[in-house]
């Protein structure tokens, strides 16, 4: 109980600053994280980016991600993005040990578990890489956003990565926190997410793939 309370208070402090920046670069600067490049990129773990690994992708790592794009519509692109986040998590998890990460914040502890700050930061990084690769036609990437304690959908505040529809200006939450490592991300409009949205179905474990 004390462990969960400490994590709750720690997470509240960390999440508090998520909605005050507008661009990924400003967000990384605020957290003293070196922004992603095509050579390597940051990967957070251990709650609140306590540990930040630098990860590199080879051509073979990009192959499974690039084949998901392009999409013909904004709606289809969001569906592809959701799948791409899961692919990123599997590949990064194999390199950093975060393949052990399970859904939620409080079910499991340790340096390879990720809270919503880790998840939203990493998802923002993956989205930024997709943008840098020229794979996003209908969306741009914004900084992570957060919602309040009483609308979190769980026991504390919560944060998410965000994309913006270029044509409509609609903001969407891209949330990978609800499922185990490697599962497709959840994508809903940001206002709906901020009202306390959570998946109706029982969270699922990602399917294991053959190495």
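The values are calculated or read from the model by the stated rules, or taken from the named source; none is laboratory data. If you're wondering where the values come from, they're calculated on a predicted model, not measured in any experiment. Glycine also receives a Cβ, built like all others from the backbone with ideal geometry; neighbour counts cover every protein chain displayed.
List of remarks:
- Exactly one residue out of 152, 142 is at pLDDT below 95, surrounded by 13 or more Cβ atoms within 10 Å (Cβ to Cβ) and out of contact with any helix residue (DSSP H, G or I) (no Cβ under 7 Å at 6 or more places or on another chain): that is 152.
- Among the candidates 47, 126, 106, the residue that is touching a helix residue (DSSP H, G or I) at 6+ places or on another chain (Cβ under 6 Å) and assigned to a loop (DSSP other than H, G, I, E, B) is uniquely 106.
- Restricting attention to the stretch 180-211 and to residues that are closer than 21 Å to residue 89 by Cα, modelled with pLDDT of 95 or more and touching a strand residue (DSSP E or B) at 6+ places or on another chain (Cβ under 8 Å), the residue that is surrounded by the most Cβ atoms within 10 Å (Cβ to Cβ) turns out to be 185.
- Qualifying residue in the stretch 90-98 (condition: within 25 Å of residue 164 (Cβ to Cβ) and in contact with a strand residue (DSSP E or B) (Cβ under 8 Å, 6 or more places away or on another chain)): yes
- Beta carbons closer than 6 Å, at least 6 apart along the sequence or on distinct chains, pair a first residue in the stretch 173-185 that is on the phi > 0 side of the Ramachandran plot and outside any strand (DSSP E or B) with a second that is at pLDDT 95 or above and surrounded by fewer than 24 Cβ atoms within 10 Å (Cβ to Cβ) for 182/86; 182/90.
- Here residue 131 fulfils each of the conditions (1) within 18 Å of residue 190 (Cα to Cα); (2) surrounded by fewer than 18 Cβ atoms within 10 Å (Cβ to Cβ); (3) modelled with pLDDT of 95 or more apart from (1).
- Residue ID - modelled with the highest pLDDT, chosen from residues in the stretch 9-32 that are buried (at least 18 other Cβ atoms within 10 Å of the Cβ) and not in a helix (DSSP H, G or I): 31
- For the stretch 54-75, the tally of residues that are part of a strand (DSSP E or B) and either more than 22 Å from residue 184 (Cα to Cα) or out of contact with any helix residue (DSSP H, G or I) (no Cβ under 6 Å at 6 or more places or on another chain) (or both) stands at 1.
- Single residue of the stretch 47-60 satisfying the filter (out of contact with any strand residue (DSSP E or B) (no Cβ under 9 Å at 6 or more places or on another chain) and surrounded by 14 or more Cβ atoms within 10 Å (Cβ to Cβ)) that is nearest to residue 103 (Cα to Cα): 47
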